[in-house]
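Worksheet: one structure, shown below.
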Amino acid sequence: EPPVIIHRAIMGSFERMIAILTEHFAGKWPLWMSPKQIMVVPISSATNDYALQVKQSFHQAKFFVEADVRDLTMQKKVRDAQLNQFNYILVVGAQEQEHGTVNVRTRNNKVCGEKSISEVLELLSKEREEKMLEGIMGQAKK
């Protein structure tokens, strides 16, 4: 009898698919696929506690979120978040803390302005659940 060879290339096709997606999105993953979804950036160390509260709110909503509480300038933190391809950067300062809001930026440096935490949670949850390829806050993901 002739020998029978069974061949399966599950990992090979999986790796090819990841490569195709990475090339297609140029590393700028849509929110629902991104391992780096949200970065919370406090303007100064005085608002670090508020930044951590905001982080916790988004974490409870099942987002991948980090807070950059390092002793660097806000501009440096925002630039680092952009280079690390976080989909959204939430900047918080004394004014945002007083109003219970965040200032939303995209990784493409589009400033979306001050929004309430609940509004941002609602919009980003919708973007994630509907698996949108374009950012709901005007973020072009090519």
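The values are calculated or read from the model by the stated rules, or taken from the named source; none is laboratory data. If you're wondering where the values come from, they're calculated on a predicted model, not measured in any experiment. Heads up, the Cβs are rebuilt from the backbone with ideal geometry, glycines too, and the neighbour counts pull from every protein chain shown. Keep in mind that these areas ignore ligands, DNA and RNA; they rest on the heavy atoms of the full protein, side chains included. Shrake-Rupley method; radii C 1.70, N 1.55, O 1.52, S 1.80 Å.
Helices (runs of 4 or more DSSP H) fully within the stretch 51-142 that include at least 1 residues being closer than 11 Å to VAL40 by Cα: 74-83.
Within the stretch 99-111, being touching a residue at least 24 places away in the same chain (Cβ under 8 Å) and crowded, with 19+ Cβ neighbours inside 10 Å holds for VAL102, VAL104, ARG105, THR106, ARG107.
Before we move on, is TYR50 open to solvent by less than 30 Å² (accessible area, probe 1.4 Å), among the hydroxyl-bearing types (Ser, Thr, Tyr) and closer than 17 Å to GLU127 by Cα? For TYR50, the condition - open to solvent by less than 30 Å² (accessible area, probe 1.4 Å), among the hydroxyl-bearing types (Ser, Thr, Tyr) and closer than 17 Å to GLU127 by Cα - is not met. When you look at GLY135, is it free of Cβ contacts under 8 Å to residues at least 12 places away in the same chain and open to solvent by less than 30 Å² (accessible area, probe 1.4 Å), yes or no? So GLY135 does not fit the description; no. Condition first: charged (D, E, K, R), open to solvent by 30 Å² or more (accessible area, probe 1.4 Å) and either touching a residue at least 12 places away in the same chain (Cβ under 8 Å) or closer than 17 Å to VAL65 by Cα (or both). Now tell me which residues in the stretch 112-132 satisfy that. Answer for the stretch 112-132, where residues must be charged (D, E, K, R), open to solvent by 30 Å² or more (accessible area, probe 1.4 Å) and either touching a residue at least 12 places away in the same chain (Cβ under 8 Å) or closer than 17 Å to VAL65 by Cα (or both): GLU114, LYS115, GLU119, GLU122, LYS126, ARG128, GLU129, LYS131.
Any chance you could count how many residues in the stretch 43-54 are within 19 Å of GLN82 (Cβ to Cβ) and in contact with a Gly (Cβ under 7 Å, 6 or more places away or on another chain)? Spell out the reasoning first.
Filtering the stretch 43-54 for residues within 19 Å of GLN82 (Cβ to Cβ) gives 43, 51, 54.
So of that shortlist, the ones also in contact with a Gly (Cβ under 7 Å, 6 or more places away or on another chain) come out as 43.
Qualifying residue count, the stretch 43-54: 1.
Can you confirm whether the stretch 53-62 contains a residue that is modelled with pLDDT of 95 or more, touching a strand residue (DSSP E or B) at 6+ places or on another chain (Cβ under 6 Å), of a type in the set (A, V, I, L, M, F, W, C) and closer than 15 Å to LEU31 by Cα? Outline the logic, then answer.
Start the filter on the stretch 53-62 by keeping residues that are modelled with pLDDT of 95 or more, which leaves 53-62.
Subset that is touching a strand residue (DSSP E or B) at 6+ places or on another chain (Cβ under 6 Å): 54-55, 58-59.
Filter once more, keeping what is of a type in the set (A, V, I, L, M, F, W, C): 54, 58.
Narrowing the set further to residues that are closer than 15 Å to LEU31 by Cα leaves 58.
So far as the stretch 53-62 goes, yes, one or more of its residues are modelled with pLDDT of 95 or more, touching a strand residue (DSSP E or B) at 6+ places or on another chain (Cβ under 6 Å), of a type in the set (A, V, I, L, M, F, W, C) and closer than 15 Å to LEU31 by Cα.
A Cβ distance below 7 Å, combined with a sequence gap of six or more or placement on separate chains, defines the contacts here; from the stretch 1-29, residues that are at positive phi reach residues that are modelled with pLDDT of 90 or more and open to solvent by less than 100 Å² (accessible area, probe 1.4 Å) in the pairs GLY27/GLN85. GLN60: open to solvent by 60 Å² or more (accessible area, probe 1.4 Å) and over 24 Å from GLU129 (Cβ atoms), yes or no? When the stated conditions are applied, GLN60 does not pass them.
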